[in-house]
Each structure stands twice: as C-alpha cells, then as structure tokens.
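For reference, the structure is listed below as structure tokens.
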Amino acid sequence: MRRNPGTDLNTDGFADIRINTPAVERRAANLPTRRSLKKDHQAAWLLNAVRCIDLTTLAGDDTEDRVARLCAKARQPIAPELLEAVGVSGLTTGAVCVYPTMVAAAKRALGNSGVPVASVATGFPAGLMPLDLRLAEIRYAVDQGADEIDIVISRGLALRGEWSALYDEIRQMKEACGSARMKAILATGELKSLENVSKASHIAMQAGSDWIKTSTGKEGVNATLPVSLVMCRAIRDYQTQTGHKVAFKPAGGLRTAKDALNWQVLMKEELGREWLDPDLFRIGASSLLGDLERQISHHVTGRYASAHRLAIA
Amino acid sequence: MSRVSEIMETMEYGPSVEDSSAVREWLAKNGPFGHFIGGKFTEPGATFATRDPSTGEDLAQLSQGSADDVADAVKAARKAQRGWAKLSGSERARYLYAIARHVQKRERFLSVLETLDNGKPIRESRDADIPLVARHFYHHAGWAELLETKLPGYTPLGVCGQIIPWNFPLLMLAWKIAPGLAAGNTVVLKPAEYTSLTALAFAEICQEVGLPAGVVNIVTGDGDTGAALVSADVDKIAFTGSTEVGRKIAETLAGTGRKLTLELGGKSPFIVMDDADLDAAVDGVADSIWFNQGQVCCAGSRILVAESVADRFERLLQTRMNRLRVGPPLDKSTDIGAIVDPVQKDRIMSICRAATDDGAELIGGHPASGCFIAPGYLRNIQPANPGMQQEIFGPIATLSTFRTADEAIELANNTRYGLAGSVWSESATVATDLAARIKAGVIWINSANMFDAAAPFGGYRESGFGREGGRVGMLEYLAEPTVKAVKEPAVTKPAAAPDGEAATTGVIDRTAKLYIGGAQKRPDGGASYKVPGGLAPLGNRKDIRNAVEAAAKATKWAAMGGHARAQVLYFIAENLSARATEFATRTSKAEVEAAIARAFHYAAWADKFDGANVQAKTGTLVNVIPEPYGVMGIACPNTQPLASFMSLVMPAIAMGNSVVAIAAQDDPLPVTDLYQVFDTSDLPGGVVNIITGVKDELAQTLAAHDEVAAMWYVGDQADLTRVEQAAGGNLKPVWSPTNRDWTKSDAQGEIFLRHAMQAKTIWLPYGALPAGSGGAAY
C-alpha cells in the first residue's frame, strides 16, 4: 500500500514558492474549458469519480443507523441495473468518512466489502484542542478500526508562519495513526492566501501525510479549483524533491457531476493519469453521489432522472 | 470488458466533436459566394476554393475580387458615407449595438464557421475570438454615442479600406469595422483569402440588423485584390498583416495624403525573472505561442528566462507541452489545431530548419501529416540565429537565458519589432520597471495575450503604427479639426560659392554653426550658403548622421519626467523673453511672441499629457501610457523660421523625445541662434539638434534613418512623397501638419503632443487572495 514516509523538516523545499493568484485563477477557470467528455467517456469518468468518493457524514445528529445507511450506499453507490447496463461490476465508493464514535458502526456495516473507513480526528473541524487530546482521539479512532484518519492542521500555526511547530504536530499525529493512512486537512478557506496553502501543503507532506485535503467542509470557502491547483502543484514538487507520491482530496463544495469532471481533468492535466486512482485521489462529498447517479441514469436510459427514483445514502 | 470499463482503465478523454451541420448547410445553400457590395451579394465571378486546413476539404468557392469590384465597393461606400455620417452618434450606436447582439445570438454558428475555415481549436473561437468580437462592437457602440462629447471637432475620414489577416478573421474584422463605423466612416474590407467565410457571414448580420446599404462592403480575394484596394480612392487604409506587405503599402500611399495605420509582425519577448511564479509563466507560454497554433502577431515567442531558474522552468515547460493535445479543431479537447495552410506549415518548418542548421536544438515541434505541427521550442539559440530573429508564426518559441534584469532588457529590445512583451515577476518593483523599459506597444505583466476593446493595441518600431482600441484607436478613424492653410514659400537654390555681394559691414563677423549634441559644429562638407543675415552652414547627410547619433544618446531627457522637463521649457521661455527684442529684429515681434508662447504652453503640458487607466477587465489594472518615440526628425517649413521651429520642436521635446530639426531653408539664422537660449536654459545636450541646408535632401536622409522613430514634415507635396517613401524603410510614422500661420493660436495644442508620443498599454492583473475569500476591486 502506498505510503508517504515524509522527510525531515525542510523549509528550503518551499522557501522560493511564488504564487500569482490571478494566474492561478485564470488557469483554474480555463482548465475545464480545455477538455470535454462525452457519451461512454463521460460515463466512465463519472463512475471513476464514484470510486474516488469518500462518502461522508459529519453531522451532530449522526446515529449508528444513519451511518449504516450511508455504508449501504457506499457498498452499492449506483443502482445495480444501471451498472449492469454499462457493464461495470464491483463498484464501491473510495471510503466512508465519519466521526470517531461512528467508526465501529461503519466497520460493522461495511463488513467484508473492502470499503475502508475514514475517521476525522484531532478536534475536527477547528482543531483547537490540547495536542494530547487530539492525539488521543486519533488513537481512539484507530482502535475502533479506522483505516484512514483525516486530521486537521492548526491553522494558527500556519498563519503565523510557525512551520516547525506545525511540522512537529503533524509528525506526532502521523505516529499516532500507526498503520492507518493519514489525510491532512489544511482548511484552505482559513489559510486564505495561496502561498500559505502551498507552504502548509509542503509541511503536511514532509510530516508524512498520505493525502493532503482542502477542507473540513465547515469553512466559509471549501474546495475550489484554484486552491486545488496550488495543492496539486505542491504534490508534484514534493514528488520531484523526494520521489514520494502524495494523494489529493478536495472536500466540500463538489456537488455536481460537472464538478467531479472538472476536478478529474485538473488531476489528469496537472499530475497525470495515476492521480485518477482512488489510491491517489479522493473526493470528500455527500450530495455529489446523487448527481453522479442521476447522470449515469441519463446515460443509460436517455431520460432525465428524478432523485426520488434513486436510493439515498 | 465493457467499453465503459475499458475507459475506466485508460481514462482517456475520447472524442468530443462540435456539431458543424448548421454551418455546412449554410455553406451549401449560399456558396459559391460573391462580394458584399452596397448591401447585396454580387453574382460570383472568377472563384477560388477556401479549405478546411485540418482536412484539406473544400468548404466553398469565393470570388476573386478584381479592381472593378473594388471600385464598385468603394463607390457604394462613398455613396453611403454622407448619410451614415449624418446620423446622430446615438443612431449609429444602435446599429453597432444590434451587430453586437446578433454576433452573440449567432455565437455558436460563427465559432464553428471560424474553426472550420481557419483550423483554430473550437475552444478558442468559442471562448476568445467571438466573445471579443461582440465586446468590440459593444464598446464602439458606446464610442458612437459619446463621440461628440468626448472628441468634439473631429470628423469622419470618409471611406476606409481595411485589409485583415487570417489568424483572427472575424476578430480582426471587428477591430477594423467597429471603430470605423462608430466614427461615421463607411468601409470596404478585404478579408484574407484563406479565411473569408466569417466576414461573409458578418455581411448577412449587417443585412439582418438593417445596416444601411454600402456602409459595410466586403470584397474577397488575394493580395492582388488587397493591392487594388490600397490603390483605390479611399481616405484611409488600415492593414494588419506582415511587415513586408505593410512596408509596400506605406510606399504606395506615400504622398497621397491618405491616412494609414499598420499592425504588423512581432517577435515579442517573454521575460521570466527568478522571482516569478514559474507555473504561471508556463501557463503564459501555453496562452501565447501555443495559442492559435502560434499564429499570433503579439505572441511571446522569445522566452527569456533567468539562468538561476532556467532548469526548473524548462522542466515544467516540457511537462506542460507534452500534455497539450494536437488534434481536430472541432474537438472540444483540442489545444492545438491546424496551421491555416500548407504554405504556412512549410514556412514554419523551414525557419525551424534554418534555426537548427545554425546550432539551435528543437524540442517537440514535430510536423504531422496535414497542416499539423506539435508545440515546441528552440533552445541553445542565440540572437544571431534566424530562428530568434524571424517571426516563425507557428507553435515554436525560442528559449534563452539571461543573468540580470539589464541583460534581459537588452535581449528583449534586440529586435526590429516592438509589438508586445510579457514580464513575469512577483515583485511589483521589478515587473513595472521591465514594463517601462521594453520597447513595445503592449506589455502584459504576469499575463499574456489579454485583449479588450478599451485597451489600445499596436506596435512600436517595425511592428507598425497606429493603435486599435480605446480612445487612441478611435482617433485613428477621425480627421483632426482643420486649420487655415497657408502656402509655403518655394525655396531658393542655395549657392555654396561666394557671389561678391557685400554683406553687413562695421560689425564683427558672426559664424552660424550647426547645433549637434549640445555643441556648435561646423558642417561636415565645409560649405555655407547665403541667407538673410549672413552665411548658414550647408549641412549634408553626415551631419544628419551625427545629429541623430547625438539625439539617440540624450535618453536621460525622457527619464527626467514631466516636471523637470517643464522647468527647462519654462527656462527657455524666460531666456527667450530676455532676448525678445534682438530676435524680433531678425524675425518679427509676432514670431518671438509665438515662440515664447510655445515654450510656455508646452511647459504647461509637459506634466499633464496623462495616460489613462482604462476599464478593460475586472481585477486588472490596464494603464495606457504616452511614451516618447525616442529620436524624432522634424523638417520645418520654409517660413516664419522661429515660430514654426518652436511650434514643432517644443511639443516634441515636452513629451520626452529628442529632436533633429531642419530649420527653415531660406532663413535659418534665427533658429541657429537659439542654441544660446538652449545652452543657458539647462536643456541637456542632444535633446535639440539643428541642421541647416537643403531641406528636401536633409529630410529624406532623416526620414530614411533607422534610428529615427517618427518624422514630422511640413512642406511641399512632392517632397513629402519622397520623405514618406524613405520613411517606409523602418516603418516610421510621418505626420505632415498643414503649413499655417505659425504665430496663430492654432499652431499649438494637444494635437501636436499626440503625434509626439506612442501609446503603451500595460496590463497588470492583481489579487492577493483567491476570489471567494475577499479581495478589493478598483
């Protein structure tokens, strides 16, 4: 299984980073207009998005039954007759993503489906808990059976440029994850500047994150294409520097099939084909799956679908 | 394995081809095409085929316009012009607005037609060309509306002949027709023979909106048709195309008094500093030389990258280049479409061969069957290599390195062209400095190939003259308010031999000299000629050469800034005033008063002829800056020596130019004496250089000098023709203001300043934070 062992802290790795925001926005705006997907190709790319989804519920009113329903959808994200029509079998989402207290329920519900369970931890979403409690939460989630841990970084450290302190925190979190793979949520909507985003990406990767992830879904601005472009370029530079491949996960804000295509085009154009595999690309989403399924339904039947005819998560 | 499963493995994009059936039906129904003259399509004459360059398939037959066709079109335009000009600005605006709207409503049709005919990717015609066409007509609808308010006293020119290239067919049509019509002119437009179809579709839009017959006329055909239009009875020629053809047109029009604007070739620098966002710069390359198959006159085709980041930049560039998709133009996932014609493809490949023969290494750039060439660039290339000098006009850039900002500028300006430049640096200090120092009409900071109807576009040097877009673009389609003409007295032939007639006696002999580089110089030929008050030096071509050399060195004058230049001009007025009586006895009181007034007037203007910040694009500061030409040549009329000299030289130097002036031939001594005034007024040496002698001969040498960037000539029509012909060499603009009473108030004003500067448009996108997280807006 792919892992990022991380490196020693190396601020030189991003000391020369220069990011021109208007240029990033132009490229992000222009990328989706440069590629178009039709018919079978569109269907294939939509299904690929499905297998990359971390199907998520992170609400205060989550219950074990609610999580079980989500897991059922993760195991069978697209109606079997639709999948049969396009000749695709064994499709699941990339993972389910829940709070630590729901991990056990999720594991039970997913059984031997092979769908991994991801758990947020470290005082999600704000991360403003004492470090020892945040680390304890990771250990708890792992203990409950989580395969992947989505940690949140301390935005304050990034905003103050305390990169060394941030590195140390994330390093400890990675250790606490043990055999579970770690996603580092940067909360880019709170880091604001794209140079901050890039630097925080490098720190998270150096500290051993297996994924870097844009958002908790709870910030004012979540995943955007410009922010994702900057993070992808950081992933590319880190690979050039170290040889390690780090995965990317946009989360929050991807709601439509068109979004799913746009982000995949971004991955392919900036990082290459490999970053379209669920091992290197995940989409944190809940409502997105519904739209993907509706589009698949349209592809198969030629009729526009109604949401009430498709099974909900 | 199902098809979908297979694609889930490869994750290829697959075909996504825009439907062209509506366009093909239109072609079948309407072809073969005649010309559009007087509101109607003519019967097709002798025809030639226009092809889809991506397949070689014939799309339609077009008529080869004859001189008679052109004459008919000009006649129709002439007939329509008075009525069109008589409409109120607001009425003309409604037509232009309707055209803009109809272009939008036919957006898909026009995009597909453009792509079929030209070979450019549908993404580009859909997202760049056609929206900009609509934008151009909207913007100029506004100009029609506001013309009388914003430019009072200006009148239409009459009939404008317009010749456009094949790289942005409909967009270039819009750039030409929109301002022409807004100003009250009627037009005869000749599209390029490779790409006439959207112009013919545009003719149908003109019919659809009910544009009066004859206001827009379109004659198709090749270069012969264009030549016929250049020789036809029109009041202006506007040309966009190659520098060679532009030069021929300038020579043909010499002495005709017809207005001319030229938008020609380029080999624009693309400077990447060590503090640039390199990814952004790589995107910029893709938007420049890998846009429209590199068939872009303003493309950043000479990439200059700081040595310290060159390796990394090149690695990123190659990665990006390898992900560009060369393919069918109508496929929505195509980045690089077809070159417009096999002739062009051969031309591109032959320049690449010459470049590699000369030691350059070509990365990428492989030709494929049909009109396709993969994107590429030439590395290990030196300024002397033909690949670095010639405009390749294909998807092939050059890449070379520099050590310092100074060297970057030296390399950037080492070209006969001056159309555009791109500068990449995250330092505002560095970027704006480079923008100021690149000799080009359009500078993009941290961006490339941005266009807008409000932002003037056009070149320095051999990239042409005149601007398209914005206020300065409108002025190119308007006649300046007329002044009362006065006939210039004919010159007497200067005699270098003594004639034995007594001159003044009883005073110490005075020796007038040439004034070059701030010093008194004897004429190179060692000869003088007799003029009122004594003997004047008989200057020759070597004196012109020396004077231009001195003027070219006076660069700090422009750098002093408006306020400091104003102080010098005020000082000139002061010192001239102190010697008013003496100068008056040699000329007249009126002349001296006018001379003092000119110095005062242009001192006032020196720090007030402002540029503009134009509303081109949100999130972008677009500044239009008046820049001096550099060295200007001025041939003064053979009359009112002091007043005419000061009326012409003061505005030129107020704008920061240095000047080589030929004084009134028959009476130059009041001017040669001015050196004492200049010397005592802190005017730096070389800013004003005075040559006396045979005006016609000196003016021709001056006009032909490659270092002289602009020429003013007042005088005889036959001589003007020769001056304009000579000026065609380096394509300098020639302005020939009417000879007038130079003591009158209409011998001064803003119009003189406008001809003493060239507009530079600097684009600076700003934005600290991504959209959605705040950010200010100007």
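Could you give P(r) for the stretch A:25-142, binned at 10 Å from zero, as whole percent values over all Cα-Cα pairs?
13, 33, 26, 21, 7, 0
How big is the Kirkwood radius of the stretch B:191-311, worked out from every pair of different alpha carbons and given in Å to one decimal? Walk me through the intermediate numbers first.
Details: mean 1/r = 0.0564 Å⁻¹.
Computed over Cα pairs of the stretch B:191-311, the Kirkwood hydrodynamic radius comes out at 17.7 Å.
Normalising by the residue count of the stretch A:12-301, find the relative contact order in percent from Cα pairs under 8 Å and 6+ residues apart.
It comes to 20 percent, rounded to a whole number.
I'd like to know how the stretch A:165-282 sits against the 2.2 N^0.38 Å rule of thumb: what's its Cα Rg over that expected value?
For the stretch A:165-282, the normalised Cα radius of gyration comes out at 0.99.
Once the principal axes of the Cα atoms of chain B are found, what is the range along each, listed largest first in whole angstroms?
114, 63, 53
For the protein assembly as shown, what is the charge dipole size about the Cα centre, in debye to the nearest 20, if Lys and Arg each add +1 at the Cβ and Asp and Glu each add -1 at the Cβ?
On the way: 114 positive and 123 negative charges, 285 e Å.
Around 1360 debye, computed over the protein assembly as shown.
So for the stretch B:641-734, what percent of the C-alpha to C-alpha distances run longer than 15 Å?
Looking at the stretch B:641-734, the distances longer than 15 Å represent 60 percent of pairs.
Need one number: the % of Cα-Cα pairs in chain A sitting beyond the 24 Å mark.
Percentage above 24 Å: 50.
Below 8 Å, C-alpha to C-alpha, sequence gap of six or more: please give me the relative contact order for the stretch A:232-313 in percent.
In percent, rounded to a whole number, it is 28.
Using unit Cβ charges (K, R positive; D, E negative) and no other charged atoms, how large, in debye to the nearest 20, is the dipole of the stretch B:269-458 about its Cα centre?
Here the size comes out at about 500 debye.
Which value results for Rg/Rh of the stretch B:55-99 when Rg is the Cα radius of gyration and Rh the Kirkwood radius based on the inverse mean 1/r?
Answer for the stretch B:55-99: 1.22.
Between B:ALA85 and B:GLU107, what is the label-to-label distance in nm when each label sits 7 Å out along the Cα-to-Cβ direction?
Each label point lies 7 Å from its Cα, and together they span 3.7 nm.
Enumerate the calculated ³J(HN,Hα) couplings along the stretch A:2-18 in order (Karplus 6.51 cos²θ - 1.76 cosθ + 1.60, θ = phi - 60°), each rounded to whole Hz, writing x wherever the residue is Gly or Pro.
Result, ordered by residue: 5, 9, 9, x, x, 9, 5, 4, 9, 5, 4, x, 9, 4, 8, 4, 10 Hz.
Pick out which of A:GLY94, A:GLY13, A:GLY252 has the largest mean-square fluctuation in a Gaussian network model of chain A, springs linking Cα atoms closer than 10 Å.
A:GLY13
Using the 2.2 N^0.38 Å rule of thumb for compact globular proteins, work out how the stretch B:561-623 stacks up: its C-alpha Rg over that value, please.
Numbers: Rg = 17.9 Å, N = 63, 2.2 N^0.38 = 10.6 Å.
So the stretch B:561-623 has a normalised radius of gyration of 1.69.
Tell me which of B:GLY370, B:PHE270, B:ALA299 sits at the most positive position along the dipole axis of the stretch B:269-458, charges placed on C-beta atoms (Lys, Arg +1; Asp, Glu -1).
B:GLY370
Set the bar at 28 Å for Cα to Cα. Now go through B:LYS608/B:LYS732; B:LYS40/B:LYS176; A:LYS192/B:LYS617; B:LYS190/B:LYS695; B:LYS484/B:LYS553; A:LYS258/B:LYS105 and name every pair that lies beyond it.
In this structure, B:LYS190/B:LYS695; B:LYS484/B:LYS553 exceed 28 Å between Cα atoms.
How high is the relative contact order of chain B, in percent, counting Cα pairs under 8 Å that sit 6 or more residues apart?
Values: 1807 pairs, mean separation 91.6, N = 778.
Once divided by the residue count of chain B, the mean separation gives 12 percent.
According to the Cα gyration tensor, what semi-axes, each the square root of 5 times an eigenvalue, does the equivalent ellipsoid of the stretch A:177-228 have, listed from largest to smallest in whole Å?
Values: eigenvalues 78, 32, 12 Å².
Rounded to whole Å, the semi-axes are 20, 13, 8.
Putting +1 on Lys and Arg Cβ atoms and -1 on Asp and Glu Cβ atoms, find which of B:ALA580, B:GLY562, B:ALA597 reaches farthest to the positive end of the dipole of the stretch B:551-607.
Of the options given, the answer is B:GLY562.
Quick one: order B:TYR13, B:TYR138, B:TYR602 by neighbouring beta-carbon count within 10 Å, fewest to most.
B:TYR138, B:TYR13, B:TYR602
Hey, if you drop one equal point scatterer on each alpha-carbon of the stretch B:269-458 and run the Debye formula without solvent, what base-10 log of I(q)/I(0) do you get at q = 0.13, 0.16 Å⁻¹?
With no solvent term, the Cα-only Debye profile gives -0.62, -0.96.
Pick out which of A:GLU274, A:GLU84, A:GLU137 has the largest mean-square fluctuation in a Gaussian network model of chain A, springs linking Cα atoms closer than 10 Å.
Judging by the Gaussian network model, the answer is A:GLU84.
So what's the Cα pair-distance distribution over the stretch B:22-264, bin width 10 Å, in %?
8, 34, 38, 17, 2, 0
Out of the stretch B:468-570, which trypsin sites (Lys or Arg not before Pro) are coil in DSSP terms and have no more than 15 other C-beta atoms within 10 Å?
Details: sites: B:ARG471, B:LYS484, B:LYS487, B:ARG510, B:LYS513, B:LYS521, B:LYS530, B:ARG541, B:LYS542, B:ARG545, B:LYS553, B:LYS556, B:ARG565; in loops: B:LYS484, B:LYS487, B:ARG510, B:LYS513.
For trypsin sites (Lys or Arg not before Pro) across the stretch B:468-570 that sit outside H, G, I, E and B with at most 15 neighbouring Cβ atoms in 10 Å, the list reads B:LYS484, B:LYS487, B:ARG510.
With point charges of +1 on the Cβ of Lys and Arg and -1 on the Cβ of Asp and Glu, referenced to the Cα centre of the stretch B:269-458, which listed residue (B:ALA428, B:SER447, B:GLY359) lies farthest in the positive direction of the dipole?
Checking the options against the dipole of the stretch B:269-458, the answer is B:GLY359.
Would you compute, from DSSP H runs of 4+ residues alone, the mean residue ellipticity of the protein assembly as shown at 222 nm, taking -39500 (n - 2.57) per run and dividing by the full residue count, rounded to the nearest 500?
Using -39500 (n - 2.57) per qualifying helix, the result is -13000 deg cm²/dmol.
Out of all Cα-Cα pairs in the protein assembly as shown, roughly what percent, to the nearest whole number, are more than 46 Å apart?
Numbers: 252501 of 594595 pairs.
Value for the protein assembly as shown (Cα pairs over 46 Å): 42 percent.
All of the numbers you see were taken from the coordinates with simple rules; none came from a lab. Source: prediction; values computed, not measured. Cβ sites come from the backbone with ideal geometry, for glycine too, and all protein chains shown count toward neighbours.
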